[in-house]
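The values are calculated or read from the model by the stated rules, or taken from the named source; none is laboratory data. These numbers were taken from a predicted model, which means no experiment stands behind them. Note that we place each Cβ from the backbone using ideal geometry, even for glycine, and neighbour counts take in every protein chain shown. In case anyone asks, the SASA skips ligands and DNA or RNA and just uses the protein heavy atoms, side chains included. Shrake-Rupley method; radii C 1.70, N 1.55, O 1.52, S 1.80 Å.
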Amino acid sequence: MHDLVIRGGTIVDGSGNPAFTADIAIDGERITAIGTIEAKGSREIDARGLTVTPGFVDIHTHYDGQATWDSEMAPSSWHGVTTVIMGNCGVGFAPAKPDRHQWLIGLMEGVEDIPGTALAEGMTWNWESFPEYLDALEARPRTVDVGTHVPHGAVRAYVMGERGANNEPPTEADIAAMSAIVEDGLKAGALGFSTSRTVLHKSIDGVLVPGTTATREELIGIGRAMGRVGHGVFEMASDLKREWNEFSWMGDLSRETGLPVTFAMLQSIAKEMSWQEQMAATEAQNAQGARIVAQISLRGTGILMAWQGTVHPFKFKPAWAEIEALPWPQQLARLRDPEFKARMLAEDSVFPESDIQAVLMVVAMGFALQYAMPDGFDYEPGRELSIDSLARGSGKSGAEQAYDMLMENDGTGFIYLPLLNYADGNLDFVRGLLHHPDTIISLSDGGAHCGTICDAAAPSFLLQHWVRGRTRGTITIENAVKRQCRDTALLYGLEDRGLLSPGHLADINIIDLPALKLGKPWLAFDLPAGGKRLLQKADGYAFTIKRGRITFEGGRMTGDLPGQLIRGPQAAPASAQKEAAE
């Protein structure tokens, strides 16, 4: 008698090999057999006509605060994700001196658009050191496993105080102290170290993330801590300015430590290097023995604009400033007033001083780059859905068209603005990257950008759009599942998951692939202190299983919470090790 048997599903096992039909037996938290299973299960699932995959592994999230108070881990857990890795982009909450709590909250709020009030109310701060933070994470059961990086911003401020927070250069003693903290964090179970080197990442007060201007000596000095421990991923978001010669030090660090360095690879107006140059530099370093991995996004990265969101085209209008602080019902009443609408449309935007002035102008006036989001929106819209095009067809100005679209559904309408990865008006270049050996699926930012995006739905988008529905060319389901499960797991040394094979963790999705469909996003106000976040669900997930226990059935959380803290690399099961040796 097995604990659970999944019968007759179409198995896409994560290896990249062709799908096949078989049964899966589960005992405890592990898969014990795959094939024709004669023995019964204490519970059996009829998976005939359904697709069975490993649980998805999302390596770029920001649940650092939410994971301390929340067990559901939505929205990622709604989309078949069974493992999340957080602490990306150099921001997090440990180490943390008691007088730095609010500063760290402001840093996370500014960089990742997570409401500071929610973080302040939700976190208990029962830690100071990074190992103590891991202990706090370990104490809470969840629907998913969590792992994390040691974040550069927190480490720099902890060691250097205001000097570190203000990006002043460190002394040799400072670098040694930061390196020691990172080493202790990795020994305690961190999966890597992260840093930010982009002007887009600033605190709520407009200050660059600590480490943004770090020298090669600081970055390699800290990175060597990973080499001493023998594991870890060095993760980075960077503007990749040519003068910084980022690929040189990334390659040197990877070759010296034998460990991977990964960076956010985007088609971006903030990067001096085109995506082709970024990939060419990656390939050149790897040809010389480095292991640099380019993190890629599955769709245009940008903003879902809404009246109650973080930004919208009228954010910088004087009329909006008059109502910005009002409760939503009062805002809505004013927005419905024809005189108020006419006045706001007639006004010029007044932009604050900013080094991202071009971005603000695109938000306020870039109607050729902004898109309607009708039912069935697939995140690869054609020009016919642009606000500009729709306005011409309706005889309106672009601004009035945008205003009216935001007013839909009682003022809860959305406009899609893909700032990154959409310069060509399509995602054709991403298709090639999904087959490239030096790339990894990433950048969902689950738990972050609460008022601007909801890319935590990326695994569902991968299957719905890239595997099943894209008219400009799809990829195979075998490749998609391998990229989202096994490849992501192996990058972080998690050899126990991402593959449906005896001995591996029973992290499993059972999916009705033809029925898989992303729902409309919506703004919820369900974070602590009523904080807002964009959410999106998907139909089609029959079951999600974590460590052999059903966490979601028919898209609903069961209440079972088998998720654990991941401490360091996880070895492959003994059977797989024996197979590899033979």
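Below is a table of values for the structure above.
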read-out: Single match in THR195, THR215 (criterion: among the polar types (S, T, N, Q) and open to solvent by less than 10 Å² (accessible area, probe 1.4 Å)); value: THR195
read-out: Selection status of LEU419, within 20 Å of the chain's Cα centre (by Cα), touching a residue at least 24 places away in the same chain (Cβ under 8 Å) and either more than 28 Å from TRP522 (Cα to Cα) or outside any helix (DSSP H, G or I) (or both); value: yes
read-out: Condition check for THR124: surrounded by 23 or more Cβ atoms within 10 Å (Cβ to Cβ) and either over 23 Å from ILE181 (Cβ atoms) or among the polar types (S, T, N, Q) (or both); value: no
read-out: Residue count for region 515-533, restricted to those that are open to solvent by 50 Å² or more (accessible area, probe 1.4 Å) and either in contact with a helix residue (DSSP H, G or I) (Cβ under 8 Å, 6 or more places away or on another chain) or among the hydroxyl-bearing types (Ser, Thr, Tyr) (or both); value: 2
read-out: Any chance ARG216 is over 25 Å from the mean Cα position of the chain (by Cα) and more than 21 Å from ALA165 (Cα to Cα); value: no
read-out: Looking only at region 47-70, and only at residues there that are over 17 Å from GLU121 (Cβ atoms) and open to solvent by 10 Å² or more (accessible area, probe 1.4 Å), the one that is nearest to the chain's Cα centre (by Cα); value: THR51
read-out: Residue check, MET178 at pLDDT 95 or above, buried (at least 24 other Cβ atoms within 10 Å of the Cβ) and touching a His at 6+ places or on another chain (Cβ under 9 Å); value: yes
read-out: Which listed residue, of GLY41, GLY80, GLY87, is modelled with pLDDT of 95 or more and over 24 Å from the mean Cα position of the chain (by Cα); value: GLY41
read-out: Condition met for GLY451 (under 22 Å from THR61 (Cα atoms), small (Gly, Ala, Ser) and surrounded by fewer than 22 Cβ atoms within 10 Å (Cβ to Cβ)); value: yes
read-out: Matching residues, region 158-184, being without any contact (Cβ under 8 Å) to a residue 60 or more places away in the chain and among the small types (Gly, Ala, Ser); value: GLY161, GLY164, ALA173, ALA176, ALA177, SER179, ALA180
read-out: Residue list for region 343-392, filter: under 30 Å from VAL207 (Cα atoms), part of a helix (DSSP H, G or I) and free of Cβ contacts under 8 Å to residues at least 60 places away in the same chain; value: GLN357, LEU360, MET361, VAL362, ALA364, MET365, PHE367, LEU369
read-out: Residue within region 85-108 that is part of a strand (DSSP E or B), touching a residue at least 12 places away in the same chain (Cβ under 8 Å) and either touching a strand residue (DSSP E or B) at 6+ places or on another chain (Cβ under 8 Å) or open to solvent by less than 40 Å² (accessible area, probe 1.4 Å) (or both) present; value: yes
read-out: Single condition GLN401 does not satisfy, out of (1) within 26 Å of LYS520 (Cα to Cα); (2) in contact (Cβ under 8 Å) with a residue 24 or more places away in the chain; (3) not in a helix (DSSP H, G or I); value: (3)
read-out: Verdict on GLY413 being on the phi < 0 side of the Ramachandran plot, assigned to a loop (DSSP other than H, G, I, E, B) and at pLDDT 95 or above; value: yes
read-out: Selection count, region 1-12, where residues are open to solvent by 20 Å² or more (accessible area, probe 1.4 Å) and either outside any strand (DSSP E or B) or closer than 18 Å to LYS546 by Cα (or both); value: 4
read-out: Top-ranked residue in region 23-42 [being without any contact (Cβ under 8 Å) to a residue 60 or more places away in the chain, in a strand (DSSP E or B) and on the phi < 0 side of the Ramachandran plot; ranked as most open to solvent (accessible area, probe 1.4 Å)]; value: SER42
read-out: Complete set of residues in region 5-26 that are in contact with a strand residue (DSSP E or B) (Cβ under 9 Å, 6 or more places away or on another chain) and not aliphatic (A, V, I, L, M); value: ARG7, GLY8, GLY9, THR10, ASP13, GLY14, PHE20, THR21, ASP23
read-out: Some residue of region 136-156 being within 23 Å of PHE263 (Cβ to Cβ), open to solvent by 10 Å² or more (accessible area, probe 1.4 Å), at pLDDT 95 or above and among the hydrophobic types (A, V, I, L, M, F, W, C); value: no
